[in-house]
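No value in this document is a laboratory result; all are computed from the given coordinates. Keep in mind that this is a model prediction, so the values were computed, not measured. Because the Cβ atoms are built from the backbone with ideal geometry, glycine has one as well, and the counts that use them run over all protein chains shown.
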Amino acid sequence: MKFKIINITDNPDGNQSILIIYTGGTFGMVYDESGALIPFNFSSVLERIPELKSLGLNLTVISFPEPVDSSNVGSGHWADMAYIIHSNYNQYDGFVILHGTDTMAYSASALSFMLENLNKPVIFTGAQIPIGATRSDARENLITALEMASKTENGKPVINEVCLYFNFVLLRGNRSQKIRSSTFGAFESENYPHLAESGVEIEYFQDRLNEHQSNQTLTYKNKFDPNVVVLKIFPNMTPSLVKGILNIQGLRGVVLESFGSGNTMNFEWFIKLLREAIEKGIIILNVSQCIGGSVLQGKYETSRKLLEIGVLSGGDITTEAALTKMMFLLGNEKSHEVLRSMLTKPLRGEMTI
C-alpha cells in the first residue's frame with residue numbers, strides 16, 4: 001500500500017516528534033457545500049485544529065491512500081498500521097492512530113499482540129461526531145492523545161503500550177470495548193482501571209501502566225489466521241445451528257460467548273458437539289457475554305462439563321481481545337499445546353490471572 005506523508009508542524013524548538021496514522025473513520029469527515037459528509041484532507045488539519053501549533057510538537061501524518069470505514073477493517077489493515085510503526089519506530093517518540101470507532105477495540109487489541117517489546121506510546125483515538133461539525137469531539141480527543149503520546153518523565157515515555165483514548169479517559173487497548181453508540185463516552189474498560197484521566201490536569205496512574213524497558217527491541221509479527229468464529233450462546237439454540245457452525249470447513253478456533261461467569265446449557269447434544277470439535281483439534285475459548293466480570297469454569301454445574309471436555313477459560317478477557325489473540329496465535333504458533341497454553345495466559349496485559 002502506498003501511504004501519503006504530510007508534515008503538519010515543524011517546530012525547531014520542539015523536542016518531541018509524534019507520528020499520526022490516519023486510517024479513516026468519523027473523525028476525518030467534513031461537510032461539503034451540499035451538506036454531505038466527505039473525507040477530510042489532512043493537509044489542512046491546522047485550519048480545523050489550530051491549537052496543534054501550540055503543543056510544541058513536530059507532527060507528521062501518514063495517511064492511508066483511501067480512508068477506510070472501520071467496519072471494513074481487517075488483518076491486512078492491522079498489518080499496515082503495525083508496519084508503519086515498526087518502520088518509523090526510531091524516528092518518532094510516539095504514535096497516534098486515528099481510526100473509526102466501530103472496530104477500534106479490535107484493532108487496538110490486534111496491534112498490542114503484534115508489537116512485541118513496545119517501549120513507546122501507541123494511542124488509538126477517533127470521534128463520534130465528524131471534525132467538520134461544530135460540536136465535534138474530534139478536537140479534544142486528538143489534542144489530548146497527542147499530549148499523552150508526548151508525555152515523558154526522566155527522559156522516558158510515561159506510556160509504553162497500545163492504548164485507546166476517548167472522552168477524557170485512557171484505556172489499555174486490549175481491555176477496551178465500545179459499549180455506547182450515541183454518547184461521547186463510547187468506550188470503557190470494565191475489567192481494568194483507567195490508565196489516565198484528563199481533566200484540568202492529566203492524571204496518570206503509574207501503577208497501572210506498563211513500565212519502560214530500556215533494553216528491549218521492538219519486533220512485530222503480522223500473520224493472522226481468519227478461520228475462527230464467535231459462537232454466542234442464547235436461549236433455545238438448536239443442535240443444527242451449533243453443528244453447522246462447528247462444522248465450518250477449515251475452522252480452527254471458537255470464541256464461545258457464554259452467560260455470566262462462563263455458563264452454557266448443559267444439554268447432552270451441546271456438550272457432545274463441543275467435545276467432537278475439540279477432538280478434531282478445534283480450540284474453544286470461553287469468554288463472558290457480560291462487559292464486566294470473569295469466566296470461572298466449574299463454579300456452577302452448567303460450566304463444569306466445559307472444563308471436563310477441554311474448553312479453555314478466557315478469564316476476564318474481552319471478546320475483541322480473545323478473537324484477535326486467537327487469530328494471532330493461530331497464525332504464528334505451530335504447536336497446538338503451546339497455543340492452548342498461551343491463550344489462557346496474558347501476553348500483553350489483556351487478561352488477569
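How big is the antiparallel share of DSSP beta bridges in the chain, given as a percent to the nearest 5?
Working: 24 of 55 bridges.
The antiparallel fraction comes to roughly 45 percent.
How many nm is it between the label spots at LEU307 and LYS345, if each spot is 7 Å from the Cα in line with the beta carbon?
2.1
For the chain, what relative contact order do you get, as a whole percent, if you take Cα pairs closer than 8 Å and at least 6 residues apart?
On the way: 748 pairs, mean separation 50.9, N = 353.
Rounded, it is 14 percent for the chain.
Please list, by residue number, every one of the GluC sites (Glu not before Pro) in region 193-288 that is coil in DSSP and has at most 16 other beta-carbon atoms within 10 Å. Please list the in-between numbers first.
Values: sites: GLU197, GLU201, GLU203, GLU211, GLU257, GLU268, GLU276, GLU279; in loops: GLU201, GLU211.
Passing sites in region 193-288 are GLU201, GLU211.
May I ask for the angle, rounded to the nearest 10°, between helix 75-87 and the longest principal axis of the chain, with both axes built from Cα atoms and the value confined to 0 to 90°?
Helix 75-87 and the main axis of the chain meet at about 50 degrees.
To the nearest 10 degrees, how steep is helix 268-279 against the longest Cα principal axis of the chain, on a 0 to 90 scale?
Orientation of helix 268-279: about 70 degrees from the principal axis.
Obtain the nm distance between the two label points defined at GLN249 and ASN117 by a simple spin-label model: each point lies 7 Å from its Cα along the Cα-to-C-beta direction.
My value for the distance between the label points is 4.2 nm.
To one decimal place, what orientation-averaged projected area in nm² is obtained for the convex hull of the Cα set of the chain? List each step's numbers first, then the result.
Numbers: hull surface 77.2 nm².
Value for the chain: 19.3 nm².
Between THR352 and GLU276, what length in nm is gained on full extension when 0.36 nm per residue of separation is reduced by their alpha carbon distance? Don't jump to the answer; show the numbers that get you there.
Values: separation 76, 0.36 × 76 = 27.36 nm, distance 2.93 nm.
Stretched out fully, the THR352 to GLU276 stretch lengthens by 24.4 nm.
When only DSSP loop residues count, what trypsin sites (Lys or Arg not before Pro) in region 122-218 have their Cβ near at most 14 other Cβ atoms within 10 Å? Present the calculation step by step, with values, prior to reporting the outcome.
Numbers: sites: ARG135, ARG139, LYS151, ARG172, ARG175, LYS178, ARG180, ARG208; in loops: ARG135, LYS151, ARG180.
Those satisfying the criteria are ARG135, ARG180.
What 222 nm value per residue comes from the helices of the chain, counting each DSSP H run with n ≥ 4 as -39,500 (n - 2.57) and dividing by all residues, nearest 500 deg cm²/dmol? Don't skip to the end; give the middle numbers.
On the way: 9 runs with 91 residues, N = 353.
Estimated from H runs of four or more residues: -7500 deg cm²/dmol.
Hey, rough spin-label estimate for ARG139 and GLU211, points 7 angstrom out along Cα→Cβ, what's it come to in nanometres?
Modelled inter-label distance: 4.1 nm.
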